[in-house]
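What follows is calculated from the coordinates using simple rules that are stated; it is not laboratory data. Just so you know, these numbers come straight off a predicted model, no measurement behind them. Ideal geometry is used to build each Cβ from the backbone, glycine not excepted, and the neighbour counts take in all protein chains shown.
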Amino acid sequence: MNVSSHLCLSATLMLMMALAPSPGRAEAARNGARRIPRAETPIVVDGVLEEDAWRHAWSEELRYEVRPGENTPAPVRTEVLVTYDDEAVYFGFRAHDPDPDRIQARLSRRGYIGSDDWVAVILDTFNDERRAFTLVSNPLGVQADLIETDSGNISWDGIWASAGRLTEWGYEVEMRVPFSTLRFQSTNGHQVWGFDAVRSLPRSVRHQIGMFPRDRNLNCYYCQMVKIEGFDGVAPGRNLEVTPTVTAGRTDARVPFPGGGMAAGSAETEAGVTVRWGMTPNLTLSGTLNPDFSQVEADALQLDLNEPFALFLPEKRPFFQEGSDFFATPINAVYSRTIRDPAWGAKLTGKENGHTIGAFVVRDEATNLLVPGSRFSRGTTIPGSSTAGALRFRHDLGRRATLGVLATAREGLDYHNRVAGVDGDLLVSPNDRIRLQFLGSVTRYPDGVAGAFGQPEGELQDWAGEVRYHRDTRNVDMWALVRVLGKDFRADLGFLPQVDARRAEVGGRYSWIPNGARTWYSALSLSGMVRAEETVGGELLARDAVVQFAYEGPMQSQSVVRVLHRREGFSGLVFDRTELFVHHGMKPGPNTHIFTNLTFGEQIDYASARLGRRVRINPRVNQRFGRHLTVDLGGAWERLADGSTELYTATIAEAGAVYQFNIRTFLRAMLQYADYDSNPMVDRGLDDPRSRRVLSQVLFSYTINPQTVAYLGYSDASIGGSMMTITRAQRTFFVKFGYALLL
């Protein structure tokens, strides 16, 4: 069957599913809509709910503990208040606590408040029960935000204001969210939004408190949310955001290395601008010219020795985070970190009457390429620049189904990759969901790349598809998955390190829920999964059987024990191996959080195609000192040996300290160390069997909002080997300024 036949068949299948009976929505119907009054007097966001507008705001208590208790009475009293004016919607919280001294509230960077007490609002502004904005604040007004979808959470970095203060009875929080920051329905009349307010109370266990009882037998959180109505005639205004950036830096390098002196590099300054225009309340156009996409903070270290496939790294650049959830699909065909050095870009995202649109085009001065395979992937860079673009459209078929199309393209010198396909999401019943996607691709590599990486000459055409079923009930979860990735399928704008693979998977989980009674656990689960994977030609890749036990209990402890048995084909051989994984994390005190992962058992050494015994330890400690200072220590140690023959030993370590002067200003120092020592008789493609790297960084930051920032930093990198001590190779000084002008 060719690519076009697969796409036609999948489109027909999704249309048939869309005509299936609609699931019940009894809980949503019972909620009704709460009318939100307009504020008649100004509100100052200072953490003090004393303005007259708050006395006339809509308010309601959070009466239910929803985790770990199941809709039991809330252990503390919490009140949420909501009002709005022409420019913004306002949220207030009064969080009472019988023991205020136990409230955990620290100054920290934006987004780093997970271990604190916090309150949050969740807004389904399109009332489509598919995605929601989540805005979080700790008791001191430190922010975090994200966009929640059925397929996962995505970073957002919206511009909004918050403030909080501790009191003798608990704490208060105020939030002001401009309508220019949100996306919502385009109407002159009143609007109906899905709404929830949540309080997190970390004590011996972390209690989550909400507005309404959660039906754990209903596989839909958004359709259980409270409905609020109002916001008559609101609009985002001109909603024009212009963010100029200036980056300057100098890199000094040791020339020659390692015996030469440190030669000063030339200072380089680069200016750019990003413009974001809310064309309508629900449609945003963004453009960027010579943007600064430099990453200020280094990625967390990951062990990459004996890893056959490329490692995934999260996107942190604001231009690509805007509307990134629109491009998320079961097969990861859009991964913006593939774009390395953009010269310019434009993006359009929005939703209108059940129609969701997302599109971007970017000119990339460097073309990074991931060449996938069935058992490993390799990376390279194609000479010359390229143009990359993606187009995404989704249509809501009532409340129960979504039909979508996706197309991507990358075009460069003697190179192109084009992908197109359809996908669907169907809520078959309150407990059952089906997701599917089918894609076809056409690819041509430059002759030099094709020859170097063993790829066919000329155009490659193939298809990929996935069908996933999930059943979610109060105690039992079940899932099944079928995925096919054709040998010549490529999604070069996405993250797809493996192709030429067919996978079938089925699994289930049983959860014990304590029903509010005080027990030795707050959550227990037992799960199992079997999976079979082979090449499209029928060669064995892997057969897996997994059993896992998970526990949550006092001191916010979390433990996982997982046993894996795998039969794996590699390099013409078949290996049987068993592996045990143990995780434990806990908070022995309010300021200390410790984690440990332990893995041991058989593991293939992919460089020598033989089986060895592996031990891997990943410890981490997070320690806070008062409200301002946080120290984080962690790393990993791994050893693989075949009997008395050591195949490799790998060590990475990280140490970081952050002093938060106030909500806007911090000073961070970081040190990373990596040491890879491999058997010299095994060819791992390394210049030296012993590799050591040290990276240090000091960073000062002043941040008003995610786009108005100032950074001043210094970093240096040192390397060493089996015959060379660790020697500084280069050092960098840099400054970066960005200022968001809201017009």
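Please report Trp156, Trp118, Trp512 as a ranked list, fewest other C-beta atoms within 10 angstrom at the top and most at the bottom. Could the numbers behind the result be given before it?
Numbers: Trp156 22, Trp118 25, Trp512 13.
Final ranking by Cβ density, sparse to dense: Trp512, Trp156, Trp118.
If the only charges are +1 at each Lys and Arg Cβ and -1 at each Asp and Glu Cβ, what is the size of the charge dipole of region 235-387 around the Cα centre, to the nearest 20 debye?
Working: 13 positive and 16 negative charges, 47 e Å.
So the dipole magnitude of region 235-387 works out to roughly 220 debye.
Starting from the Cα-Cα distance between Asp576 and Asp304, subtract it from 0.36 nm times their residue separation and give me the gain in nm to one decimal.
Values: separation 272, 0.36 × 272 = 97.92 nm, distance 2.28 nm.
Length gained, Asp576 through Asp304: 95.6 nm.
Pull up the cross-link candidates among the aspartates and glutamates for Lys227, meaning alpha carbon to alpha carbon under 16 Å and not fewer than 8 places away within one chain.
By straight Cα distance, Lys227 reaches Glu27, Glu60, Glu61, Asp124, Asp128, Glu129, Asp196.
Full-extension gain between Ile726 and Leu712, please, as 0.36 nm times their residue separation minus the C-alpha to C-alpha distance. Can you show the working numbers first?
Details: separation 14, 0.36 × 14 = 5.04 nm, distance 2.63 nm.
Stretched fully, the Ile726-Leu712 segment lengthens by 2.4 nm.
Provide Leu526, Leu496, Leu301 in ascending order of the number of other Cβ atoms located within 10 Å of each residue's Cβ, fewest first.
Details: Leu526 13, Leu496 23, Leu301 17.
Lowest count first: Leu526, Leu301, Leu496.
Once Lys and Arg get +1 and Asp and Glu get -1 on their Cβ, which of Val205, Phe700, Gly451 lies farthest toward the positive end of the dipole of the chain?
Sorting the options by dipole projection puts first Val205.
Could you check the simple spin-label distance between Ala669 and Glu270, using points 7 Å along Cα→Cβ, in nm with one decimal?
So the two model labels end up 3.0 nm from each other.
Picking from Ser608, Thr288, Thr247, whose Cα lies most toward the positive end of the charge dipole for the chain (charges on Cβ: Lys, Arg +1; Asp, Glu -1)?
Selected residue: Ser608.
Cut-off under 15 Å on the C-alpha distance; same-chain residues fewer than 8 positions from Lys736 excluded. Which aspartates and glutamates are left, in chain and number order?
Glu268, Glu270, Asp292, Glu297
Counting other beta carbons within 10 Å of each residue's own, what order do Arg35, Arg471 fall into, fewest first? Before the final figure, lay out the partial values.
On the way: Arg35 9, Arg471 16.
The order, fewest Cβ neighbours first, is Arg35, Arg471.
Which one of Tyr521, Phe549, Phe570 has its Cα pushed farthest toward the positive end of the charge dipole of region 512-588, where Lys and Arg give +1 and Asp and Glu give -1 at the Cβ?
Final value for the positive-end residue is Tyr521.
On C-alpha positions alone, give me the angle between the axis of helix 3-18 and the longest principal axis of the chain, in degrees, nearest 10.
Around 20 degrees separate the two axes.
Where the only charges are on Cβ atoms (+1 Lys, Arg; -1 Asp, Glu), what is the dipole of the chain about its Cα centre, to the nearest 20 debye?
Details: 81 positive and 87 negative charges, 188 e Å.
With only Lys, Arg, Asp and Glu charged at Cβ, the dipole is about 900 debye.
Under 15 Å between alpha carbons, and skipping anything fewer than 8 positions from Lys587 in its own chain: which aspartates and glutamates qualify?
Asp116, Asp117, Glu552, Asp632
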